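The values are calculated or read from the model by the stated rules, or taken from the named source; none is laboratory data. Every value quoted in this text rests on a predicted model; they were computed, and no experiment measured them. Cβ placement follows ideal geometry from the backbone for every residue including glycine, while neighbour counts extend to all protein chains displayed.
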Amino acid sequence: MKPGHFTAPENALKITVMFAFLCVFAAGTFAAETTMQLASAPDYNQPQHWLCRPGQSDHCDVNLDSTQVNADGTLVTQPFPGDAENPHIDCFYVYPTVSIDPGGNSDLIPNKEEAGVILNQAARFRSVCRVYAPLYRQITLTALRSFITGNPMPIDQIAGYRDIKDAWDHYLKHDNKGRGVVLIGHSQGSGVLNQLIAREIDGKPIQKRIVSAMLTGSNTAVPTGKLVGRAFKHIPLCTSQGETGCVISYVTFRKEVPPPPNSRFGRVRGAESDLTQQSACTNPAELDGSGGKLHAFLATGDSGFTVETRRTAWVQDKAAPNTPFVTVPDLLSAECIYKDGFSYLAVTTHSNPNDPRTDAITGDVFNGEQRLDDWGLHLIDMNIAMGNLINIVRQQGQSWLRK
C-alpha cells in the first residue's frame, strides 16, 4: 500500500519547518528583546492558565478511544480506560512549539493547536497520574518563521522558562504535598524542562520526588557511552523497567532513513566535533537498551502541529476508523543506534504486502513530494511510543511508592 505522510501547503510548511529551530532558542542562541509587548505573566492561581489540572473541566477531558488495527485487517474498538483511581503520582507536562499567535511569544489564549497537542501527548497520561499542564509564553512558530525568512521579530526567549518555573513553584507549594512527579516534555517543552531540572532540581532535595523525566524530541547531552553527566550531574538515564529518579530522552528516525549530516536532532547542538558527548537515547520499548516493540497511539486526524495529515488508509478497502487514535500491534519496533556522530531511536516498520493492513505510518514532513529527512519522525516522537511511555510511568509509580 502507498505510504501516508504529513504534508502541508506552501505557507503552512514555512511555519512548520521552523518547529525544529526551537532547539536553537532553547540553547540561548538568540538575544532576548526586552522592549517588546508581552502578555502579562500567567497567574497560576487562575484555572484558565492551566491546559490541564485535576479537578477542573479542561483540555485533558477528551475522547481518547482507539481502534486496534490487526494484521488480518480486523478492527477492534478499544475504549480509553479512564482516569486512574486515586493515583499516587503526578505528571507535569510542558508542550512543544505549537502556537501560531502573531507575536514572538504566545498570548496565553489557547487555540486548537494547544488543544491538539494535549490530545496527542498529554491527556492519555490521565490513566496513570494526575496531569498538570501549564500554559506558558512560548516562542511561537510565527517567530521561528520570521527568523528563517530573514526578518526576525522581537522575542523574549526567557519568558517561557520563567513561566514554567512559576508554574512548577506553584505546583510544589499548592498541589504536590510530597507526591512523586513525572516531568514530561517534547521539543521546546523538553528544552524548558532541561533548564528547570538543571537549575532547580538536579542535586537538590526536591530531586527525591522526581519519579522520572521524559524529555522527548530533544538533544539531552550525556558523556559518550555514559549514563550521567553533562546536562545533569546527578540524574542518570533510565536502564530498566521500574527504575526511578532517571531520564528518558530520545529522537526518532526511520531506520532506513537515518539522520543526514544537516540533521537538527540526534547530536548535541554546537558540539558536532566534540566526541566526548552525545545526545541521549533511551529506548522506551526496552529501557535496558535492547530492541523492542513499540505500542503506538497514532492519530487518525490532525496531529496538533499545524500540518495537514495525508491520512493512512489503515486497512485496504475498509472505511477509516472513527476513533481519534489507532494502535497497530506488531507493526513497529525500535532500537537505539549510535552511528556517524548521531544517536537516535531507529523505528522499523514490519510491513507485509500480503496482508490488508497498511505497510506504512505517517509522521514525515514533506515539502510537496520532497521528504525533509533532517526532521526524522519528530512530529510523532511521543505518539509512536505512547503506550510504552504510559506503561513505564505505571511501573515507575509503583516502584516509587514502594521506596
Selection count, region 258-279, where residues are in contact with a Cys (Cβ under 9 Å, 6 or more places away or on another chain) and closer than 17 Å to residue 384 by Cβ = 2
Is one or more of the residues making up region 144-164 among the aromatic types (Phe, Trp, Tyr), under 30 Å from residue 81 (Cα atoms), in contact (Cβ under 8 Å) with a residue 40 or more places away in the chain and out of contact with any Lys or Arg (no Cβ under 7 Å at 6 or more places or on another chain)?
-> no
Checklist (1) out of contact with any strand residue (DSSP E or B) (no Cβ under 6 Å at 6 or more places or on another chain); (2) in contact (Cβ under 8 Å) with a residue 60 or more places away in the chain applied to residue 317, failing item = (2)
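For every residue, the table says whether it meets (1) among the aliphatic types (A, V, I, L, M); (2) at pLDDT 95 or above; (3) more than 30 Å from residue 178 (Cα to Cα).
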site	(1), (2), (3)
30	no, no, yes
53	no, yes, no
58	no, no, no
64	yes, yes, no
68	no, yes, yes
78	no, yes, yes
82	no, no, no
Taking interchain pairs and intrachain pairs at least six residues apart, which have beta carbon atoms under 9 angstrom, with the first residue in region 218-245 and among the basic types (Lys, Arg) and the second in a strand (DSSP E or B) and exposed (fewer than 14 other Cβ atoms within 10 Å of the Cβ)?
-> 230/223
Taking region 267-299 only, how many residues are assigned to a loop (DSSP other than H, G, I, E, B) and either crowded, with 18+ Cβ neighbours inside 10 Å or at pLDDT 95 or above (or both)?
-> 14
Quick check: is even one residue across region 141-162 of a type outside the set (A, V, I, L, M, F, W, C), out of contact with any strand residue (DSSP E or B) (no Cβ under 7 Å at 6 or more places or on another chain) and modelled with pLDDT of 95 or more?
-> yes
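Okay, residues lined up against (1) among the aliphatic types (A, V, I, L, M); (2) surrounded by fewer than 14 Cβ atoms within 10 Å (Cβ to Cβ); (3) within 21 Å of the chain's Cα centre (by Cα):
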position: 44; (1), (2), (3): no, no, no
position: 51; (1), (2), (3): yes, no, yes
position: 66; (1), (2), (3): no, no, yes
position: 72; (1), (2), (3): no, yes, no
position: 78; (1), (2), (3): no, no, no
position: 82; (1), (2), (3): no, yes, no
position: 86; (1), (2), (3): no, yes, no
Looking at 78, 68, which is the one that is out of contact with any Asp or Glu (no Cβ under 8 Å at 6 or more places or on another chain) and closer than 30 Å to residue 296 by Cα?
-> 68
Say we look at region 316-338 and pick out the residues that are aliphatic (A, V, I, L, M) and assigned to a loop (DSSP other than H, G, I, E, B); which of these is nearest to residue 252 (Cα to Cα)?
-> 331
Of all residues in region 323-349 being more than 19 Å from residue 70 (Cα to Cα), of a type outside the set (A, V, I, L, M, F, W, C) and touching a Phe, Trp or Tyr at 6+ places or on another chain (Cβ under 9 Å), which is surrounded by the fewest Cβ atoms within 10 Å (Cβ to Cβ)?
-> 338
Of all the strands (runs of 3 or more DSSP E) wholly in region 52-168, which have at least 2 residues that are more than 25 Å from residue 192 (Cβ to Cβ)?
-> 66-69, 75-78
Of everything in region 372-396 that's among the acidic types (Asp, Glu) and modelled with pLDDT under 95, which residue is surrounded by the fewest Cβ atoms within 10 Å (Cβ to Cβ)?
-> 373
Just one of 199, 264 is of a type outside the set (Asp, Glu) and at pLDDT 95 or above; which is it?
-> 199
Sole miss for residue 225 among (1) in contact with a helix residue (DSSP H, G or I) (Cβ under 8 Å, 6 or more places away or on another chain); (2) part of a loop (DSSP other than H, G, I, E, B); (3) more than 30 Å from residue 86 (Cβ to Cβ); (4) not hydrophobic (A, V, I, L, M, F, W, C) is condition (1)
Of the residues in region 228-258, how many are within 28 Å of residue 131 (Cα to Cα) and either of a type in the set (A, V, I, L, M) or out of contact with any Phe, Trp or Tyr (no Cβ under 8 Å at 6 or more places or on another chain) (or both)?
-> 20
Report whether or not residue 172 is of a type outside the set (Ser, Thr, Tyr), within 15 Å of the chain's Cα centre (by Cα) and closer than 30 Å to residue 235 by Cα.
-> no
Top-ranked residue of region 175-206 - restricted to ones that are within 26 Å of residue 55 (Cα to Cα) and over 19 Å from the mean Cα position of the chain (by Cα), ranked as surrounded by the most Cβ atoms within 10 Å (Cβ to Cβ) = 180
